[in-house]
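Have a look at this one.
The values are calculated or read from the model by the stated rules, or taken from the named source; none is laboratory data. For clarity, every value in this text was computed on a predicted model and none was experimentally measured. Cβ coordinates were reconstructed from backbone atoms using ideal geometry, including for glycine residues, and neighbour counts include every protein chain displayed. Side chains are part of the model used for accessible areas, which takes the heavy atoms of the whole protein and leaves out ligands, DNA and RNA. Shrake-Rupley method; radii C 1.70, N 1.55, O 1.52, S 1.80 Å.
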Amino acid sequence: MKKLLIAGVLATALAFTVSASAALVPGVFDPGNTNCVKATFVKKTKTLHLEKNCPTSTNAAAGAEITGVSGQTFQSASFTLASATQCQGGSPRFNVDTTTGFFFLGCNNVTPTANANGTATYTFTAATLAAAGQQVPTPTGTIESVSVLIDVQGIADLTNVTVNGKVQTIAHGKADFARACKKGGWKSFTNPTCKNQGQCVKYMAHARNAAKKGSEQER
């Protein structure tokens, strides 16, 4: 349960405010200033490169917000990993925040498609989730935000990130960490615990600078 609560915090902590067009906005959640997480976009290969170079138990994550999907209903989501070995303990995953709750779609919740070039594609639909034993619920309600992230130690190289059939490209934006505290989200915090929404917002504002490490990078 504790892991799920922390995941809920990270789901919203990686929320960003940008234009309404569909796009990826890389960022990190690192309230302890560990500098162990990185999120960069490699333009040459159109790859979202995520790293967590510290123990899984460290309260930190790297990922990207997917913009332009608010107001839609969930139909599908997918990403391709450079190798199936990059799927570790359900990470990377999509965090889908809707009007009915939070939904976590991890790479271990569906059966990947092995591609000829050695990559592996993970597709999340009602059908693929059911075929894999419905380990997690299929998102319902109206989408409010979607992010893709890793919070398990290791690296992940994602390409062809899609939501509802649309491939996401890079964009710029800034983190809105306060969103993690709204709609009762402050109750989910376990490190630290919060007495109310105001205390949560103050804590997340203090962590805002940690998000600035995620940015577009050319290689």
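Select from the stretch 31-79 the residues that are closer than 29 Å to T140 by Cβ, among the polar types (S, T, N, Q) and part of a strand (DSSP E or B) and list them in ascending order.
Within the stretch 31-79, T67, T73, S78 qualify.
Then there's this: Assess whether A132 counts as being under 15 Å from A84 (Cα atoms), among the small types (G, A, S) and surrounded by 14 or more Cβ atoms within 10 Å (Cβ to Cβ).
Considered against the rule, which asks whether it is under 15 Å from A84 (Cα atoms), among the small types (G, A, S) and surrounded by 14 or more Cβ atoms within 10 Å (Cβ to Cβ), A132 comes out as no.
Restricting to the stretch 80-100, count the residues that are in contact with a Gly (Cβ under 7 Å, 6 or more places away or on another chain), within 21 Å of T138 (Cβ to Cβ) and open to solvent by 10 Å² or more (accessible area, probe 1.4 Å).
Here the count works out to 3.
Next question. Restricting to the stretch 52-75, name every residue that is open to solvent by less than 30 Å² (accessible area, probe 1.4 Å) and not aromatic (F, W, Y). Before you say what the answer is, go through the steps one by one.
Within the stretch 52-75, the subset open to solvent by less than 30 Å² (accessible area, probe 1.4 Å) is 52, 54, 60-67, 69, 74.
Within the stretch 52-75, K52, C54, A60, A61, A62, G63, A64, E65, I66, T67, V69 qualify.
Of everything in the stretch 135-154, what is touching a helix residue (DSSP H, G or I) at 6+ places or on another chain (Cβ under 7 Å) and either assigned to a loop (DSSP other than H, G, I, E, B) or surrounded by fewer than 16 Cβ atoms within 10 Å (Cβ to Cβ) (or both)? Give them in sequence order.
Q135, V136, T138, D151
Moving on. Take the conditions at pLDDT 95 or above, among the hydrophobic types (A, V, I, L, M, F, W, C) and closer than 16 Å to I150 by Cβ and apply them to A116. Does it pass?
Values: at pLDDT 95 or above: yes; among the hydrophobic types (A, V, I, L, M, F, W, C): yes; closer than 16 Å to I150 by Cβ: no.
Answer is no for this residue.
For the list (1) at pLDDT 95 or above; (2) touching a Pro at 6+ places or on another chain (Cβ under 9 Å); (3) at positive phi, I need the number of the one condition that Q134 fails.
Evaluating Q134 over (1) at pLDDT 95 or above; (2) touching a Pro at 6+ places or on another chain (Cβ under 9 Å); (3) at positive phi leaves (2) as the failure.
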